[in-house]
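One structure below.
The values are calculated or read from the model by the stated rules, or taken from the named source; none is laboratory data. The model shown is predicted, which means the values in this text are computed figures rather than measured ones. So basically every Cβ, Gly included, is an ideal-geometry build from the backbone, and we count neighbours across all protein chains shown. All accessible areas refer to the heavy atoms of the entire protein, side chains included, with ligands and DNA or RNA removed. Shrake-Rupley method; radii C 1.70, N 1.55, O 1.52, S 1.80 Å.
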Amino acid sequence: MQPLLLLFLLCPPLKHPHAGPAYSISRLLTCLLSSQLPSRPPCDPANSTPSAYDPLDPNGNVSIRWDVMSWTTDGYVASVTINNLQLFRHFMSPGWTLGWTWAKKEIIWSMLGAQATEQGDCSKFKIAIPHSCKRNPSVVDLLPDAPFNQQFTNCCKGGVLASWGQDPTAAVAAFQISVGLSGRSNKTVKLPKNFTLLGPGPGYTCGPAKFVPSSHFLSADGRRKAQALMTWNVTCTYSKFLASKNPSCCVSFSSFYSTKIVPCPACACGCQSNNTCIMSNSTLLQKPGINTPRKDNTPLLQCTKHMCPVRVHWHLKLNYESYWRVKIAITNFNFRRNYSQWTLVVQHPNLNNVTQVFSFNYKSLLPYQAINDTGMFYGMKFFNDYLMEAGPYGNVQSEMLLQKDKSEFTLKQGWGFPRRVYFNGEECMLPPPDQYPFLPNSACLYSFGILKVAASALLILRWIW
């Protein structure tokens, strides 16, 4: 009894009118994985490596490379490149924030393509004032309208980075940094430590900086190869457990063979109080500034039973002889957020035979090469790549036609519904399997048909008489 008592003391059950058994179990598991339980002793960041694993993107990470290009009188000039190597997780507005701690008493003299958020105390400098004197600076990208003389290659996107699977050319950011008081040789320069990455919220863990072979650069004409004086690399990985204790999206189901619509699980994204949501017909929506995003990204959700910012609906629309058709709809319930360059990842065994996707872009993802059961949907540029805030325009939808594999296809036991769904890199909560729409009993269908014919005959006879 003592372990059970301890468990309930650490993770007390939540009383909510919409909370069912499925949510209680989910919350208990979340509690067990959270910091409410005694945690391990903190590890030394200098000797640790980031550890996070996503089954649909096992090799996804963010790589940060520092290339020292030249020496100065008291330091060096480096080119810093951020590569988002994640297949389907991108950096939304307000974008990435990169931080670190200097190993000595370094300063930042100047930057191109980015800026430090704080200057810090530079009072000891009398003539030339550094860009930042903070021991632990935080750096952000410049906005697209930055002056030309402050720009750098692959900069000035407001911190927004596409995922590697969606657009590799837009998954790169870079800036130039001039560092002082650091030493001016390979032996005297010390690597920065304690790297942090926000994208824009938490979830990323960065390993220590490590020396790697120096990068090579080709000249514009391709006839000369230059080499960095020294190069180090930092790898950051994402963990949904660090990002949030609750999911940020949910999934609902429906089908042509059932009148039942399976909604998102109650409290799928946590049971917030009614003070944090607003009804869709509320007069408060007409108040000026109600849709303005907050600096802390606090959402203003439409009041629903699931309380999720985003809902994905999967509808089995039609069943042909050799094909079957699905309709997908994504709805935004957040009045304070638009989703640009959104991505939707679905895992289903029949995605190895997609015939046509009508209003979304589609790309197969092959995290394990031999298994083709995962695909990424994303919006068409200038058409539906922008998911508006909650309201009449806060949804995007498309249909998909798939060819059947006669040896595998079935509508029984919920086979036609996805196994996993991700929106913007976050896994969505699916309904419990026992609530999926099931095929009606064939005997009932037969009986229903007989009754329908009999009723029609009676109506005809009555009309004749």
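Tabulated values for the structure
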| item | result |
| --- | --- |
| Segment Q150-A370, length gained on full extension (0.36 nm per residue, minus Cα span) | 74.6 nm |
| Percent carbon-and-sulfur accessible area, the stretch 61-242, ignoring ligands, DNA and RNA, probe 1.4 Å | 55 |
| Ranked by how many other beta carbons lie within 10 Å on average, peptides 148-155, 406-413, 343-350 from highest | 343-350, 148-155, 406-413 |
| Fully extended contour minus Cα-Cα distance, from S219 to T355, at 0.36 nm per residue | 44.6 nm |
| Unit charges at the beta carbon, dipole of the stretch 61-242: most positive-side option, S214, V172, T81 | S214 |
| Unit charges on C-beta of K, R, D, E only; dipole of the stretch 173-259, Debye | 420 |
| Extension gain, S70 back to Y53 (0.36 nm per residue minus Cα-Cα distance, nm) | 2.4 nm |
| Within straight-line cross-link reach of K104, lysines at Cα separation under 20 Å, skipping those fewer than 8 residues along the same chain | K124, K134, K187, K190, K193, K210 |
| Whole-number accessible area per residue in Å² for the stretch 61-242, which is evaluated in the context of all protein chains at 1.4 Å | 47 |
| Neighbourhood net charge (10 Å Cβ-Cβ; Lys/Arg +1, Asp/Glu -1) for G183 | +2 |
